[in-house]
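A short write-up of the structure that comes next.
The values are calculated or read from the model by the stated rules, or taken from the named source; none is laboratory data. Since the structure is predicted, the reported quantities are computational estimates derived from the model, not experimental observations. In this analysis, Cβ positions are derived from the backbone assuming ideal geometry, glycine residues included, and neighbour counts consider all displayed protein chains.
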Amino acid sequence: MELALFIDWVEKHGWKSQPPKGALLAEHPILSKYALPAELLEFWGSFSRLESADECTWFLFPDDYKEVTDPNEFAWNEFERISLEAALDDDGAAAVREWWSRHLPILMSVKGGYSFYAIDISTEKIVRGFEPEFEEVSTAAESFADFLDKIIKGEIVL
């Protein structure tokens, strides 16, 4: 997957983007927590914000992975928080935390209900989850590069 092709797709489909801020990605705390694929790091080096024209679907970037204290702000781990609130007991909450420790959300959507795409850290596959059972996911792409390629080809519609 060539990133230039995805950038063309973004422009043709009216997505709103912002160039990278120039911060040193290598020093970002998210990199110390997860081993992330090179394709995602290259992608993060190309934008600092990328969202659909209707602002209902957006990619997450390093600066998004921060603790959110404003109750009106949508957090990067919002779906984990929702699942934790719905957990019936401590074992259920532990299972939710464990699942999310192995899956990093990379794209979120509120279009037609809550959904997300995440990287399965152990396999680097991209999975998709929906409300109400966010942790019951399906594989959407074999890699981040494959994910972007499927978006370009219209096999994944955002």
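Data table
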quantity	calculated
Failed criterion for Asp63 (all others in (1) at pLDDT 95 or above; (2) assigned to a helix (DSSP H, G or I) hold)	(1)
Residue under evaluation Gly92, criteria (1) in contact with a helix residue (DSSP H, G or I) (Cβ under 9 Å, 6 or more places away or on another chain); (2) surrounded by 15 or more Cβ atoms within 10 Å (Cβ to Cβ), criterion not met	(2)
Any hit, region 116-125, residues being under 15 Å from the mean Cα position of the chain (by Cα), assigned to a helix (DSSP H, G or I), within 23 Å of Ala38 (Cβ to Cβ) and not acidic (Asp, Glu)	no
Cβ-Cβ under 7 Å pairs, at least 6 apart or on other chains, region 50-78 side within 26 Å of Trp9 (Cβ to Cβ), far side in a helix (DSSP H, G or I)	Leu50/Val10; Phe61/Trp44; Pro62/Leu25; Pro62/Ile30; Pro62/Trp44; Tyr65/Ile30; Trp76/Asp64
Scope region 47-59; condition crowded, with 17+ Cβ neighbours inside 10 Å and assigned to a loop (DSSP other than H, G, I, E, B); matching residues	Phe47, Ser48, Ser52
Residue among Ser143, Ser109 that is in contact with a Lys or Arg (Cβ under 8 Å, 6 or more places away or on another chain), closer than 18 Å to Phe59 by Cα, of a type in the set (Gly, Ala, Ser) and surrounded by 15 or more Cβ atoms within 10 Å (Cβ to Cβ)	Ser143
Residue among Leu36, Leu3 that alone is modelled with pLDDT under 95, more than 29 Å from Trp99 (Cα to Cα) and of a type outside the set (S, T, N, Q)	Leu3
Region 6-29, residues that are in contact with an Asp or Glu (Cβ under 9 Å, 6 or more places away or on another chain) and either modelled with pLDDT under 80 or in a helix (DSSP H, G or I) (or both)	Phe6, Lys21, Ala23, His28
